[in-house]
1. If we scan segment 150-159, do we find a residue that is under 16 Å from the mean Cα position of the chain (by Cα), in a helix (DSSP H, G or I) and over 17 Å from residue 269 (Cβ atoms)?
2. So in segment 209-251, with the set limited to residues that are surrounded by fewer than 18 Cβ atoms within 10 Å (Cβ to Cβ) and in contact (Cβ under 8 Å) with a residue 60 or more places away in the chain, which one is nearest to residue 33 (Cα to Cα)?
3. Output the residue which, of all residues in segment 273-283 that are assigned to a helix (DSSP H, G or I) and over 17 Å from the mean Cα position of the chain (by Cα), is surrounded by the fewest Cβ atoms within 10 Å (Cβ to Cβ).
4. Do we have residue 34 as surrounded by fewer than 23 Cβ atoms within 10 Å (Cβ to Cβ), in contact (Cβ under 8 Å) with a residue 60 or more places away in the chain and either over 13 Å from residue 121 (Cβ atoms) or out of contact with any strand residue (DSSP E or B) (no Cβ under 6 Å at 6 or more places or on another chain) (or both) here?
5. Check segment 178-193 and report whether any residue there is in contact (Cβ under 8 Å) with a residue 12 or more places away in the chain and under 30 Å from residue 35 (Cβ atoms).
6. What single numbered condition from (1) part of a helix (DSSP H, G or I); (2) under 26 Å from residue 189 (Cα atoms) fails to hold for residue 74?
7. Which residues, taken from segment 68-81, are buried (at least 16 other Cβ atoms within 10 Å of the Cβ) and either closer than 15 Å to residue 48 by Cβ or in contact (Cβ under 8 Å) with a residue 12 or more places away in the chain (or both)?
8. Among the residues of segment 254-272, is there at least one that is touching a residue at least 12 places away in the same chain (Cβ under 8 Å), farther than 17 Å from residue 23 by Cβ and surrounded by fewer than 14 Cβ atoms within 10 Å (Cβ to Cβ)?
């Protein structure tokens, strides 16, 4: 049992929670205009981990036949038979139930909206089959993190969390476009949809750059509507430089540094945004 749990955590790349989790906490800090209660932070943590775990496991489940044919993904746990589809079904059900319990413990609005959130984060897995906008849908799924964190503390829709949602959505879409270039030939051959397949790799890199330009604009307006201090806006310049660096690392004919661009720099962006928002709220 413990071995299967370990394999399942490897399958969903549990460590990649770093991308969205800081934004969920950021939404909570902004809504509270300070440090939220520990109980709120705890249930936000549980909600984020459970939603992501269910969504990632569902993605691996529905993509298992595609993954088996792709040289980049053929060694994933389901294609290799390390886990069975039946076991993964149970794993998904467990995390869905944990997610519903955690949203119930936060507040009524978050609980009522939880099925919509599950539909978006899990439904994304099918989108490459019919639309090249799948990158943006993935971005919206991750963009629910700051909105959810905000609503968990203050169950009212305002401009600030919506600007954050759009910023995260465009940020994630931008780097997902870069990463999907690795599967350009495979996706084209299999009839899967992506921006690189639809527009070509060179144009896809330009679209990714444009997404990240819009990301900074959205984060700027999130800070303005939240009345954050100058530290936040100076720090936003550093985030802009990190995103520029990401695009310098990836070339149309050279994806050898894609992991540094995808994991290292984007992890830094997520953590830095969280720190800047805390400083902006506290100072």
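1. Step one: list which residues in segment 150-159 are under 16 Å from the mean Cα position of the chain (by Cα), which gives none.
Checked segment 150-159: no residue is under 16 Å from the mean Cα position of the chain (by Cα), in a helix (DSSP H, G or I) and over 17 Å from residue 269 (Cβ atoms).
2. Among those that are surrounded by fewer than 18 Cβ atoms within 10 Å (Cβ to Cβ) and in contact (Cβ under 8 Å) with a residue 60 or more places away in the chain, it is 225.
3. Quick first cut of segment 273-283, residues assigned to a helix (DSSP H, G or I) only: 273-282.
Retained after the next criterion (residues that are over 17 Å from the mean Cα position of the chain (by Cα)): 275-282.
Working: 275: 15, 276: 23, 277: 27, 278: 19, 279: 14, 280: 23, 281: 20, 282: 12.
Once the filter is applied, the top-ranked residue is 282.
4. Numbers: surrounded by fewer than 23 Cβ atoms within 10 Å (Cβ to Cβ): yes; in contact (Cβ under 8 Å) with a residue 60 or more places away in the chain: yes; either over 13 Å from residue 121 (Cβ atoms) or out of contact with any strand residue (DSSP E or B) (no Cβ under 6 Å at 6 or more places or on another chain) (or both): yes.
Against the criterion (surrounded by fewer than 23 Cβ atoms within 10 Å (Cβ to Cβ), in contact (Cβ under 8 Å) with a residue 60 or more places away in the chain and either over 13 Å from residue 121 (Cβ atoms) or out of contact with any strand residue (DSSP E or B) (no Cβ under 6 Å at 6 or more places or on another chain) (or both)), residue 34 qualifies.
5. In the first step, residues of segment 178-193 are kept if they are in contact (Cβ under 8 Å) with a residue 12 or more places away in the chain; the result is 178-184, 186-187, 190, 192-193.
Going one step further and asking which of them are under 30 Å from residue 35 (Cβ atoms), we end up with none.
So far as segment 178-193 goes, no, none of its residues is in contact (Cβ under 8 Å) with a residue 12 or more places away in the chain and under 30 Å from residue 35 (Cβ atoms).
6. Just one mismatch for residue 74, condition (1).
7. The first filter runs over segment 68-81 and keeps only residues buried (at least 16 other Cβ atoms within 10 Å of the Cβ), leaving 70, 73, 76-79.
Once the filter is applied, which keeps residues that are buried (at least 16 other Cβ atoms within 10 Å of the Cβ) and either closer than 15 Å to residue 48 by Cβ or in contact (Cβ under 8 Å) with a residue 12 or more places away in the chain (or both), segment 68-81 yields 70, 76, 77, 78, 79.
8. No, the conditions are met nowhere in segment 254-272.
The values are calculated or read from the model by the stated rules, or taken from the named source; none is laboratory data. Just so it is clear, the model here is predicted, and its values are computed rather than measured. We place every Cβ from the backbone using ideal geometry, glycine too, and count neighbours over all the protein chains shown.
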